[in-house]
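Take a look at the structure below.
The values are calculated or read from the model by the stated rules, or taken from the named source; none is laboratory data. Keep in mind that what you see is a predicted model, and the values were worked out from it rather than measured. Don't worry about glycine lacking a Cβ; one is built from the backbone with ideal geometry, like all the others, and counts go over all protein chains shown. Side chains are part of the model used for accessible areas, which takes the heavy atoms of the whole protein and leaves out ligands, DNA and RNA. Shrake-Rupley method; radii C 1.70, N 1.55, O 1.52, S 1.80 Å.
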Amino acid sequence: MKAPRTTPEITLVGAGLAGSLLAVFLARRGHRVTLLERRLDPRKTGAGGGRSINLALANRGIAALEEVGVMERVRSQLIPMAGRMLHDEDGRLKLIPYGNKPHEVISSVSRSGLNALLLDAAEATGRVAIRFGETVTGVDFARRQVLPQGASYDVLIGTDGSASAVRAAILARTGGRLDEEPLGHGYKELSIPPTEAGGFRMEKNALHIWPRGEYMLIALPNTDGSFTVTLFLPQRGAESFEALTTPDAVRALFARRFADAIPLLPRLTEDFFANPTGHLETIRCAPWFFEDHALVLGDAAHAIVPFHGQGMNAAFEDCSAFDRCLEDADRPWSDVFADFERRRRPNTAAIADMALENYVEMRSTVREPKFQLKKDLAFRLEERHPGRFIPRYSMVMFHTIPYADAQRRGAIQEAILDELTSTATSVDRVDFDRADRLIAERLAPPRG
């Protein structure tokens, strides 16, 4: 017989974005929450540099923040980005809008600033205790203790990121599986400082991309006028991190492929060699929980590459989805955990796949004339069939349609776009009567 659910103290491992937001959700349900975090308090020590990859906040994340009443405090930290500003190798610029409507923007936000705000919100509930400087390396499930401290827990949730110790313990105990899929590309953080007057050196309301086929440079704006720049390169090869061993080699690559960025990066070589080279991978695992007392959530369960701007948004959506699983107070914890995994697994698998596909789009496909034709046509079809034909990027970023549905519908729509543009060279040459028939035949209205 399954034990009925009580309202015990819940221990969260990891006080990053997912852990701090989940603590707020749980406190609202009446739980006492202990957050264990290996770092010292980042509100006092500041954020470490070199691994931030600026975050893009979109509708899914916004919806979760609004549920717990903190979104208004977040707004002052946001810089809206209306589209991708492409920098070609001759320095020419082209803005490709993200969406078809004025409100369809994504927002650049500071990871450290948002984390600090959520930690404050968690503490403000009066039900959350945060213990910094406590590293968890394992779990003793028989005694319900985290290791090495030996601290006891009632219910344990791992929000401890892609290298999760809680996940490792669950998989070891259950004989579960872990699939780690390295991308083969890494990243290096650089920085464009503000002007002497504190302004922006480039258009601030855009995500800047230097797409170069096999790799790319991106830049996202910060509220102080700076841009956080990230270089994505293969780990090995002729043009790779492996090959960039000297300042001259770094300068030569930038002169050859990112010439217009050089005047914007006064500390190019200093930052390149001071900051670590980050590694990118997709993580899939099963199961996400053990019996009625341990679960993983967010990156700990399903880490993805950052190229769709959905890592944080998916983790925040996890928090909201888990909260909905708690609505029936009579459900045992084991049922809550199983239901959460059942609901979220197809969707997190879908966004993992779409994030990998978006890397190819960002660094390469976006440069092709056919890409722009299909994007323009998708916007036109969205206008003709509102609420029915929605570009896949828009479904992911500007709606809360389940990721799996967005992936499935996106594949149908891509096939329609391929058919309609097989001979057309411009939107005006598309057979819209045929387009209307294809949409009527193949696309039902979305369900969420």
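What does the C-alpha gyration tensor say about the overall shape of segment 1-157? Classify as rounded when a/c is under 1.5, otherwise prolate if a/b is larger than b/c, or oblate. It is prolate, given that a/c is not under 1.5 and a/b is the larger ratio. Please count, across the chain, the pairs of lysine residues with Cα atoms under 26 Å apart that sit 8 or more places apart or on different chains. Lysine pairs meeting both conditions in the chain amount to 12. Solvent-accessible area of Ile218, all protein chains in place: 10 Å² (probe radius 1.4 Å, heavy atoms, ligands and nucleic acids excluded).
Over segment 212-286, the ratio between the Cα radius of gyration and 2.2 N^0.38 Å evaluates to 1.22.
In the complete set of protein chains, residue-level accessible area for Leu178 is approximately 70 Å², probe 1.4 angstrom.
So if a site counts as exposed when it's one of the GluC sites (Glu not before Pro), its DSSP state isn't H, G, I, E or B, and it has at most 12 other Cβ atoms within 10 Å, what's the longest stretch of the chain without one? Counting only loop sites that pass the neighbour cut-off, the longest clear stretch is 1-195.
Per residue, how many Å² of accessible area does segment 310-396 show with a 1.4 Å probe? If you can, show how the numbers build up before the last one.
Numbers: 3180 Å² over 87 residues.
Here the residues of segment 310-396 average 37 Å² of exposed surface.
Result for the chain in a Gaussian network model with C-alpha springs under 10 Å: among Pro148, Pro402, Pro287, the largest mean-square fluctuation is at Pro148.
Grab the other residues whose beta carbon is less than 10 angstrom from that of Leu178, score K and R as +1, D and E as -1, and report the net.
Details: positive: Arg167, Arg177, Arg284; negative: Asp179, Glu180.
Within the 10 Å Cβ shell, the charges total +1.
Whole-Hz Karplus values for segment 244-258 come out as 8, 9, 9, x, 5, 5, 5, 4, 5, 4, 5, 5, 7, 10, 9 Hz, taken residue by residue from phi with 6.51 cos²θ - 1.76 cosθ + 1.60 and θ = phi - 60°; glycine and proline positions read x. Roughly how many percent of the accessible protein surface of the chain is carbon and sulfur, given a 1.4 Å probe and a whole-percent answer? Carbon plus sulfur share of accessible area: 49 percent. Taking a Cβ cut-off of under 15 Å around Leu65, the surrounding Lys, Arg, Asp and Glu residues balance to a net charge of -2, with basic ones at +1 and acidic ones at -1. At 20 °C and 1.002 mPa s, what whole-number value in µm²/s does Stokes-Einstein give for the translational diffusion of segment 277-420, with Rh from the Kirkwood sum over Cα pairs? For these conditions, the coefficient is 128 µm²/s. Considering only alpha-carbon pairs that sit under 8 angstrom and 6 or more positions apart, the relative contact order computed for segment 185-290 is 34 percent.
Ranking Pro8, Gly83, Gly278 by how far each Cα lies toward the positive end of the dipole of the chain (charges on Cβ) leaves Pro8 at the top.
Across Thr11, Thr282, Thr425, mean-square fluctuation computed from a Gaussian network of the chain (C-alpha pairs under 10 Å connected) peaks at Thr425. The smallest convex shape that holds all Cα atoms of the chain, its convex hull, gives 159 Å³ per residue.
A probe of 1.4 angstrom, applied to the heavy atoms of all protein chains, finds Met312 with accessible area near 20 square angstrom. Compared with the dominant Cα axis of the chain, that is its longest principal axis, helix 333-363 is turned about 20°. The alpha carbon centroids of segment 331-387 and segment 222-273 are separated by 30 Å. Summary value for the chain: 19 percent relative contact order, contacts being C-alpha pairs under 8 angstrom separated by 6+ residues.
Could you work out the helix-only [θ] at 222 nm for the chain, with each DSSP H run of four or more residues adding -39,500 (n - 2.57) and the total divided by the number of residues, to the nearest 500 deg cm²/dmol?
Value at 222 nm, helices only, nearest 500: -12000 deg cm²/dmol.
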